[in-house]
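J.: There's a structure below that I have some questions on.
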Amino acid sequence: MNIPKIIKFLKTKAGIAIAVIVLGGGAAAYFFASSNGVKQELLKAERRDVTQIVAVTGTVKAASIINLEFLAAGRVAYRPRQVGDHVSRGETLLALDAREIDIQIAKAKATLDGNKAKLDQLKAGATPETVRQLENAVTASYLNALAALDTAITKSDKSLSTLRADIFLQNNKIRSDFQLALDTFTAGAENEMAKADADVAKARAMREGVRGIVVDQPKYDAIFSETPFLLGSVRNVLVTSSELLRRVVSAYVTQSTINAYSTDISTVRSEHDTAIKTFADAIAGIQAAKDVLRVKQEPPRAVDIAVLEAGVKTAEADLALLEKQKGDTILVSPVDGVVTNLGYEISEVARPNTTAVSLISISGVEIEANVPEVDVAKVAVGNPVSITLDAIPGETFTGKVTHIDPAETVVDGVTNYKIKISFDAKDPRIKSGVTANLDIETLRKPNTLTLPQFGIVERDEGKFVRKLVNGEVKEFPITAGIRSSDGYVEILSGVSEGDEVLNAGLKTN
C-alpha cells in the first residue's frame, strides 16, 4: 500500500467526499446501536418511613359491646373507673400488679446495655492505656517466673544437700555402710547424683547471667525453656534414692535411721515438686499474658463481632418480650365509650381469657371485616385504620381495631378471622350497612433503609439485587423486611444506604 499516494488523494475533492461518506456511515452505526440499546435505570437505597398495611373490605354495623380480657392471671392493682363512666380511647381501665415484671425489665435492660458495651468495646479496640497495662502485665509475668526459678534452684540445692547428708559421701559415692541388693543400681544412683549437681550448677549460672538486667524477653525465654529440664534431674535422683533406701540392708545403720532418711528425702522431694510446678505455672503465665496482649492489639475478628451482635439481639428480644408481657398487664380502652362492666375489684386475682371489662363505643356504629389467615397475625387490637366509605366518596375517616375473634370463620372455603373497627369520631352520615374500605396500619418503622419493590429480584432460593460492577451486571443476595403500601421494601442486609441497584422490573429505552 502506497501511503503517501493515499494521503495525497484524500486531500483532493473526491478524496474528501469519500472520507465524509465513510465517517458519516460510522457515526450513523454508533447512534443506531446506541438508540436501540437498552438503558438500565438505577435505583438508590434510601431511608424513609415504612408502613405495613393490611387492606380489607368490611361493612358498617350498629356498635356492639366490646369485651376486654387479660392474657395472663394476676392481681388487680389499678381500677380507676366505675360502671357507667365515660372513657376516652387509650385510657387505662384495669391494670395488674407488674412489679415483678418491672424488676425483670430492669435486669434485661442492664443485660442489653452490658452486651452493647462489650460490642462497642470490641469494635473500638484496646485503648493505649490498656495496652500499656497489658505490656506491664507481661513484664510482671517474666519477673514472677524469675522469682519462681530462684525458689526452684534453692529447693534443688536443699534436696541435693539432704541426699549428701543421708546417703552420699564426697564425690557422690554411696555410703560404705550400705550394702545394696544390686551393684548396678548403686552405680546408676551415683551417676544421677553427679548429673543433678552439674545441671543445677548450670541453671544457677544461667540465672546469675541475667541478674540485675532489665527484662530481656529473648534471653529470659531461652533460660525458661532450658532450666525446667535441668532442675528436673534433681527429681530423678530423689526418686532413685528413695528406691535405694527401700532396698538397702546394713549391719551398721538401724532401720529407724533408714526410715528417718526416707522421711527427709520425701520432704525435700515434695518441696522440690511444688517449686518446679510453681515455676512451670509461672512460665505458662508468661504465654497467657502475651496472648491477652496480642488479642487486644489485633483487630476484632468477624466471628467475635458476630457472637456479641447475637448477644445484643438476644437481649433486645428478651427485653421486647418482657415489655410485651408488661403491656399485657394493662387493659386500655380502644374507643371513646361507656363502661358497662368491670369484672374485678382491687386485689382480686384476674383470670386469663375471661372478660374483665366491657364497654360500648359512643360512635354508635362500628365496622366488621374478615381478615385472611395469612394476614391476621399482623393485625393487633389498637392498630390505626384509614377508612373510606362507598356512600361518602372523597372523604377519609379514621378508626382503631377494637376486637379480633380468636376463632376462625370460613367464607367460601377460605379461612378468615372477624375483626371490629371503631370510628375515632361520630358522624351522623355514617349508616349501618355501608361498605367500608379499610387500610389497617399494622406496623410502622421510621427512618428505615428501603428500595423500591421493582429493584428486587425474587426467586425460590431467595431475594437478590443487581448491581453494575466494572461494567458487568452481578447479583447480590439481600435480606428484606416488611413491604410498605407505597411499593417500598425494608432492607435488613445486603445493601447499604446510597447503594445503587438496577431496576429489575422496568426498563427504559
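The values are calculated or read from the model by the stated rules, or taken from the named source; none is laboratory data. Owing to the predicted nature of the structure, the values given are computational and were not obtained by experimental measurement. Glycine also receives a Cβ, built like all others from the backbone with ideal geometry; neighbour counts cover every protein chain displayed.
J.: Answer with yes or no whether residue 176 is modelled with pLDDT under 95, exposed (fewer than 13 other Cβ atoms within 10 Å of the Cβ) and not in a helix (DSSP H, G or I).
T.: In short, yes.
J.: Could I ask something else about it? Picking from 307, 371, 335, which residue would you name as being modelled with pLDDT of 90 or more, surrounded by 18 or more Cβ atoms within 10 Å (Cβ to Cβ) and not acidic (Asp, Glu)? Walk me through it before giving the result.
T.: On the way: 307 fails: surrounded by 18 or more Cβ atoms within 10 Å (Cβ to Cβ); 335 fails: modelled with pLDDT of 90 or more.
Selected residue: 371, the only one of 307, 371, 335 that is modelled with pLDDT of 90 or more, surrounded by 18 or more Cβ atoms within 10 Å (Cβ to Cβ) and not acidic (Asp, Glu).
J.: Of the conditions (1) over 21 Å from residue 388 (Cα atoms); (2) of a type outside the set (Gly, Ala, Ser); (3) surrounded by 11 or more Cβ atoms within 10 Å (Cβ to Cβ); (4) modelled with pLDDT of 90 or more, residue 447 fails just one. Which one is it?
T.: (3)
J.: Could you please let me know if residue 292 is within 30 Å of residue 137 (Cβ to Cβ), touching a residue at least 60 places away in the same chain (Cβ under 8 Å), touching a helix residue (DSSP H, G or I) at 6+ places or on another chain (Cβ under 7 Å) and in a helix (DSSP H, G or I)? Before you say what the answer is, go through the steps one by one.
T.: Details: within 30 Å of residue 137 (Cβ to Cβ): yes; touching a residue at least 60 places away in the same chain (Cβ under 8 Å): yes; touching a helix residue (DSSP H, G or I) at 6+ places or on another chain (Cβ under 7 Å): yes; in a helix (DSSP H, G or I): yes.
Against the criterion (within 30 Å of residue 137 (Cβ to Cβ), touching a residue at least 60 places away in the same chain (Cβ under 8 Å), touching a helix residue (DSSP H, G or I) at 6+ places or on another chain (Cβ under 7 Å) and in a helix (DSSP H, G or I)), residue 292 qualifies.
J.: Are there strands (runs of 3 or more DSSP E) fully within segment 395-488 with at least 1 residues that are more than 24 Å from residue 371 (Cβ to Cβ) and among the small types (Gly, Ala, Ser)? List them. Let's see the steps before the verdict.
T.: Values: elements: 409-411, 414-423, 435-452, 457-459, 462-469, 472-483.
It comes to 462-469.
J.: (1) modelled with pLDDT under 50; (2) surrounded by 10 or more Cβ atoms within 10 Å (Cβ to Cβ); (3) hydrophobic (A, V, I, L, M, F, W, C): which one isn't true of residue 1, the others all being true?
T.: Residue 1 satisfies all of (1) modelled with pLDDT under 50; (2) surrounded by 10 or more Cβ atoms within 10 Å (Cβ to Cβ); (3) hydrophobic (A, V, I, L, M, F, W, C) except (2).
A quick yes/no check of all residues on (1) assigned to a helix (DSSP H, G or I); (2) without any contact (Cβ under 8 Å) to a residue 40 or more places away in the chain; (3) basic (Lys, Arg):
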{"position": "220", "(1), (2), (3)": "yes, no, no"}
{"position": "225", "(1), (2), (3)": "yes, yes, no"}
{"position": "230", "(1), (2), (3)": "yes, yes, no"}
{"position": "233", "(1), (2), (3)": "yes, no, no"}
{"position": "239", "(1), (2), (3)": "yes, yes, no"}
{"position": "242", "(1), (2), (3)": "yes, yes, no"}
{"position": "245", "(1), (2), (3)": "yes, no, no"}
{"position": "252", "(1), (2), (3)": "no, no, no"}
{"position": "258", "(1), (2), (3)": "yes, yes, no"}
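J.: If we keep just the residues of segment 488-508 that are modelled with pLDDT of 85 or more and of a type in the set (Gly, Ala, Ser), which is surrounded by the most Cβ atoms within 10 Å (Cβ to Cβ)? It would help to see each step written out before you state the result.
T.: Our first condition is that a residue be modelled with pLDDT of 85 or more; within segment 488-508, this holds for 488-503.
If we keep only those that are of a type in the set (Gly, Ala, Ser) as well, we get 493-494, 496, 498.
On the way: 493: 11, 494: 18, 496: 9, 498: 10.
Going through the qualifying residues, I end up with 494.
J.: Mind telling me which of the residues 136, 144 ends up being assigned to a helix (DSSP H, G or I) and in contact (Cβ under 8 Å) with a residue 40 or more places away in the chain? Even if it seems obvious, please write down each step before you answer.
T.: Numbers: 136 fails: in contact (Cβ under 8 Å) with a residue 40 or more places away in the chain.
Just one listed residue meets the conditions, 144.
J.: Can you find a residue in segment 63-80 that is surrounded by 12 or more Cβ atoms within 10 Å (Cβ to Cβ), touching a helix residue (DSSP H, G or I) at 6+ places or on another chain (Cβ under 9 Å) and hydroxyl-bearing (Ser, Thr, Tyr)? Walk me through how you get there before you give the answer.
T.: Within segment 63-80, the first condition is being surrounded by 12 or more Cβ atoms within 10 Å (Cβ to Cβ), and the residues that meet it are 63-79.
From the residues that got through so far, the ones that are touching a helix residue (DSSP H, G or I) at 6+ places or on another chain (Cβ under 9 Å) too are 71-72, 77.
Of the ones still in play, those that are also hydroxyl-bearing (Ser, Thr, Tyr) are none.
No: segment 63-80 contains no residue that is surrounded by 12 or more Cβ atoms within 10 Å (Cβ to Cβ), touching a helix residue (DSSP H, G or I) at 6+ places or on another chain (Cβ under 9 Å) and hydroxyl-bearing (Ser, Thr, Tyr).
J.: Here's another thing I want to ask about it. Being surrounded by 17 or more Cβ atoms within 10 Å (Cβ to Cβ) and more than 30 Å from residue 427 (Cα to Cα) is the requirement here; does residue 319 meet it? It would help to see each step written out before you state the result.
T.: Numbers: surrounded by 17 or more Cβ atoms within 10 Å (Cβ to Cβ): yes; more than 30 Å from residue 427 (Cα to Cα): yes.
Taking the combined requirement at face value, the residue satisfies it.
J.: For residue 421, indicate whether it is surrounded by 17 or more Cβ atoms within 10 Å (Cβ to Cβ), touching a residue at least 12 places away in the same chain (Cβ under 8 Å) and either under 30 Å from residue 494 (Cβ atoms) or not β-branched (Val, Ile, Thr) (or both). Outline the logic, then answer.
T.: Working: surrounded by 17 or more Cβ atoms within 10 Å (Cβ to Cβ): yes; touching a residue at least 12 places away in the same chain (Cβ under 8 Å): yes; either under 30 Å from residue 494 (Cβ atoms) or not β-branched (Val, Ile, Thr) (or both): no.
For residue 421, the condition - surrounded by 17 or more Cβ atoms within 10 Å (Cβ to Cβ), touching a residue at least 12 places away in the same chain (Cβ under 8 Å) and either under 30 Å from residue 494 (Cβ atoms) or not β-branched (Val, Ile, Thr) (or both) - is not met.
J.: It is to be established whether one or more residues within segment 194-202 are part of a helix (DSSP H, G or I), touching a residue at least 40 places away in the same chain (Cβ under 8 Å) and in contact with a strand residue (DSSP E or B) (Cβ under 9 Å, 6 or more places away or on another chain).
T.: No, the conditions are met nowhere in segment 194-202.
Residues checked against (1) crowded, with 19+ Cβ neighbours inside 10 Å; (2) among the charged types (D, E, K, R):
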| residue | (1), (2) |
| --- | --- |
| 60 | yes, no |
| 84 | no, no |
| 100 | no, yes |
| 104 | no, no |
| 110 | no, no |
